[in-house]
Amino acid sequence: MDKLVSVIMPTYNRGYIIENAINSILSQSYSNIELIIVDDCSTDNTEEVVKKYNDARLFYYRLDKNSGANAARNYGIEKSKGSYITFQDSDDVSEKNRIFEQVNCIINNNVYWTFSSFKRINNKKSTIVPNSYIESDDILDKLLYGNFITTQCILGKREIFDDIKFDISLPRFQDWDLAIRLANKYKCYHLNKVLNNVYLQSDSITKNPKKGEDALIIISDKYSDIMNNKHIARIYCRIAIFKMLQDKDATKYFNKCINISSDIKYKMIYLL
């Protein structure tokens, strides 16, 4: 018998779109699943929409106060019972064979977790991320340079999520932070297939430069012991860009970047 897979879906005010995400999970070809929806105190009709479903595999929980997606995901993990755990955002859509493909990937490659490629959709533009296969031995190094793994592309054995939870102190880049910690400790495999469609919403925190700046500063401190100059220089450059987007002085971080990297592209960005 196929082992139970727990799908954790945090949500906040997605009543107008959450059905697409729910349907993409309940219609998976891998049917032995539980879908755990954690409502982060929505003020719209999210609860009403979710409770219309008559499927014993769906479980709805509502947090007592608005706590953020990281806390909602951690709560969902605590409530889950599956041998495998994966995630689904409430405004995105999974391909029908996503869970089947990822469970088989873990079994066939004898790894603790896997991540798939995904299609990132912003209005009418779409991009495949990552757009080529990444060797298992290269994943951590590439992650420290920049993220290419989104939360809903990850599926892993339960034990790794009992060990490693989402960092609720991070205002942004929680998927990147989780992937770094998982890759640093547990063997993984890149399933080079597009199994998720990720939609960037107009109210997404991924468009908030202040949260981006704050999160990058936390991450640069958190992983300074495993980052090299190449990794750190890129983070400093990104912090500087986020400062510029807020009309703040970015000179300090551009200088830090240029002082530790000879890459001409950073000097060109600074001059521009």
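Please treat every number below as a calculation from the coordinates, not as lab data. Values in this document were obtained by computation on a predicted structure and should not be read as measured data. Here the Cβ is made from the backbone with ideal geometry for all residues, glycine too, and neighbour counts use every protein chain on show.
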Radius of gyration and Dmax for region 208-271's Cα atoms, expressed in Å? 11.2, 31
Treating the angle as unsigned and between 0 and 90°, give the value, to the nearest 10°, between the Cα long axis of helix 69-79 and the longest Cα principal axis of the chain. 40
Projected label distance in nm at Lys79 and Glu48, using a 7 Å step from Cα toward the beta-carbon: 2.1
Can you tell me the dipole magnitude for the chain around its Cα centre, using point charges on the Cβ only (Lys, Arg +1; Asp, Glu -1), in Debye to the nearest 20? 640
Where in region 115-157 are there trypsin sites (Lys or Arg not before Pro) that are in a DSSP coil and have at most 14 other Cβ atoms within 10 angstrom of their Cβ? Lys124
Listed residue pairs exceeding 30 Å between alpha carbons, taken from Lys119/Lys157; Lys125/Lys243; Lys210/Lys230; Lys79/Lys230: Lys79/Lys230
So how tilted is helix 174-185 from the main axis of the chain? Cα-based, degrees 0 to 90, rounded to 10. 90
I'd like the orientation of helix 98-109 relative to the chain: the angle between its Cα long axis and the longest Cα principal axis, in ° from 0 to 90, rounded to 10. 70
At a 10 angstrom cut-off on C-beta neighbours, averaged per residue, how do the peptides 107-113, 69-75, 162-168 rank from highest to lowest? 69-75, 162-168, 107-113
To the nearest 0.05, what FRET efficiency results for Asp162 and Lys187 with a Förster distance of 25 Å applied to their C-beta separation? 0.90
Using label points projected 7 Å from each Cα along Cα→Cβ, tell me how many nm separate Lys96 and Tyr112, to one decimal. 3.4
By counting other Cβ atoms within 10 Å of each Cβ, how are Ile85, Ile128, Ile154 ranked from fewest to most? Ile128, Ile154, Ile85
Could I have the simple spin-label model distance between Lys211 and Asn20, label points 7 Å from Cα toward Cβ, reported in nm to one decimal? 2.0
From zero outward in steps of 10 Å, how is the percent of C-alpha pairs of region 103-209 spread across the bins? 14, 47, 33, 7, 0
If you count the DSSP beta bridges with both ends in the chain, what percent of them are antiparallel, to the nearest 5? 35
Any idea what Rg and Dmax come out to for the chain if you just take the C-alpha atoms, in Å? 19.1, 61
Quote to one decimal, in nm, the extra length available between Cys41 and Asn228 on full extension: 0.36 nm per residue of separation minus the C-alpha distance between them. 63.3 nm
